[in-house]
Amino acid sequence: MGKIKYIIFSQGKIRRSLKNVFTSGKCTLGDKLKAGLFYAFFHQQFDQAVEDVKNLKQTPSNDVLLEIYALFKQATVGDCNTPAPGMLDFKGKAKWEAWKHKAGTSQDKAKQDYVNRVQSLIESVGLKD
């Protein structure tokens, strides 16, 4: 199935941990550089997962696609900030409701959840060659 490209981070607490590193008076420049690299790597993993989801061997179910969509929107935009689609726009309404359901989830947590979900999909269906 290929190499696993992701590292699982704990509880989506990345931003808080990095803030502590950068604001702590006991922090060295090396610590700050490591933290910055870690954060950049975290975002690189998310970007890779966004590309990988387009290359799955099988198209996920509609429920999984909605979950991935909602996590992507929460990760990139934050809480849903658009009005609900019209009542006859069933697809748009389902996507909006899935995103709205993620309200209150931090963008970093949503990114990590997205990476984890894509990783589990890769492990179950694989990527196209």
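Does Lys102 satisfy the criteria of being part of a helix (DSSP H, G or I) and out of contact with any strand residue (DSSP E or B) (no Cβ under 9 Å at 6 or more places or on another chain)?
The answer is no for Lys102.
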Query - Close pairs from the range 32-51: first surrounded by fewer than 14 Cβ atoms within 10 Å (Cβ to Cβ), partner at pLDDT below 70 and outside any helix (DSSP H, G or I), Cβ under 9 Å, at least 6 apart - result: Phe41/Ile7
Requested in this report: Given the conditions (1) over 15 Å from Asp113 (Cβ atoms); (2) surrounded by fewer than 14 Cβ atoms within 10 Å (Cβ to Cβ); (3) modelled with pLDDT of 60 or more, report the number of the one that Thr76 does not fulfil.
Outcome: (1)
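Residue-by-condition table, conditions (1) part of a loop (DSSP other than H, G, I, E, B); (2) surrounded by 15 or more Cβ atoms within 10 Å (Cβ to Cβ); (3) at pLDDT 95 or above:
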position	(1), (2), (3)
Gln58	yes, no, yes
Leu65	no, yes, yes
Phe72	no, yes, yes
Pro83	yes, no, yes
Leu88	yes, no, yes
Glu97	no, no, yes
Asp108	no, yes, no
Arg117	no, yes, yes
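The values are calculated or read from the model by the stated rules, or taken from the named source; none is laboratory data. In this text, all values refer to a predicted model and were calculated from it rather than measured experimentally. Quick reminder, even Gly has a Cβ in these numbers, built from the backbone with ideal geometry, and neighbours come from all protein chains shown.
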